[in-house]
Amino acid sequence: MKTIHTLQHRRGFTLIELVTGAVLVGMVALIVGTLMVYGQKHWTTLFGRVYRQEAVDTFTVHRAFDSICRKATYRKAVLGTDNRSLELYYWQSGSTADIPEHYARFYLSGTDFMIEYGRMRPDAWLPDDSQPVRQFTAATQVADVRFEVQGQAVQMVLHYLDDALPPSICSSVRHNF
């Protein structure tokens, strides 16, 4: 009598099953590895864009510009020639003076975007030349800056030397009389 071997008595895997399993595991490993490489590449690119100097400078300029604009009076803003500089006037917090006590001037010096802070004369809308002036560089590698004043709104557009970067646009509203 002949014995019939059934599957329940079979032990181990055939060579075809082993090769098929190895190929499937290799394909999954290849897909996961490719995704990890592309993820790392794109993360590095994004990290470079977010933390490059121009991005940090843009954040600094936007914060300073918006902070001054929100404190500034809408009675007066002085645009420079060709709208490349702007002077805003603002009060110290809690002040009751009729004329703003401080001014901030935004302008381009070479390729540096500068902000100048100073005190106002108490009797006129003029900077007080007897008081010290503070200046600081808010952004570097700036090709051009333009300002526009429409009613209470003020807009600033910065163009960087790197043409690959889009212009940085900041708009704010002057809130004080």
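The values are calculated or read from the model by the stated rules, or taken from the named source; none is laboratory data. All values derive from a computational prediction rather than experimental measurement. Quick reminder, even Gly has a Cβ in these numbers, built from the backbone with ideal geometry, and neighbours come from all protein chains shown.
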Residues that are without any contact (Cβ under 8 Å) to a residue 12 or more places away in the chain and in contact with a strand residue (DSSP E or B) (Cβ under 8 Å, 6 or more places away or on another chain), drawn from segment 133-177
167
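Of the residues that make up segment 36-51, is at least one out of contact with any His (no Cβ under 6 Å at 6 or more places or on another chain), of a type outside the set (Ser, Thr, Tyr) and over 30 Å from residue 162 (Cα atoms)?
The answer is yes, given that some residue of segment 36-51 is out of contact with any His (no Cβ under 6 Å at 6 or more places or on another chain), of a type outside the set (Ser, Thr, Tyr) and over 30 Å from residue 162 (Cα atoms).
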Please work out which residue is modelled with the lowest pLDDT, limiting yourself to segment 10-56 and to residues that are basic (Lys, Arg) and surrounded by 10 or more Cβ atoms within 10 Å (Cβ to Cβ).
49
Would you be able to tell me the number of residues in segment 41-81 that are in contact (Cβ under 8 Å) with a residue 12 or more places away in the chain and not β-branched (Val, Ile, Thr)?
17
Per-region count, segment 65-98, residues buried (at least 17 other Cβ atoms within 10 Å of the Cβ) and within 13 Å of residue 155 (Cα to Cα):
8
Subset of segment 104-132 [farther than 21 Å from residue 171 by Cα and touching a residue at least 40 places away in the same chain (Cβ under 8 Å)]:
111, 125
Name the residues in segment 51-96 that are closer than 14 Å to residue 139 by Cβ and either part of a strand (DSSP E or B) or not hydroxyl-bearing (Ser, Thr, Tyr) (or both), would you?
52, 53, 54, 55, 56, 57, 59, 61, 62, 63, 64, 65
Of all residues in segment 118-177, count the ones that are closer than 20 Å to residue 80 by Cβ, of a type in the set (Gly, Ala, Ser) and within 18 Å of the chain's Cα centre (by Cα).
6
Do we have residue 138 as at pLDDT below 95 and either farther than 30 Å from residue 52 by Cα or assigned to a loop (DSSP other than H, G, I, E, B) (or both) here?
no
Pick from 133, 142: which is more than 15 Å from residue 104 (Cα to Cα) and among the hydrophobic types (A, V, I, L, M, F, W, C)?
142
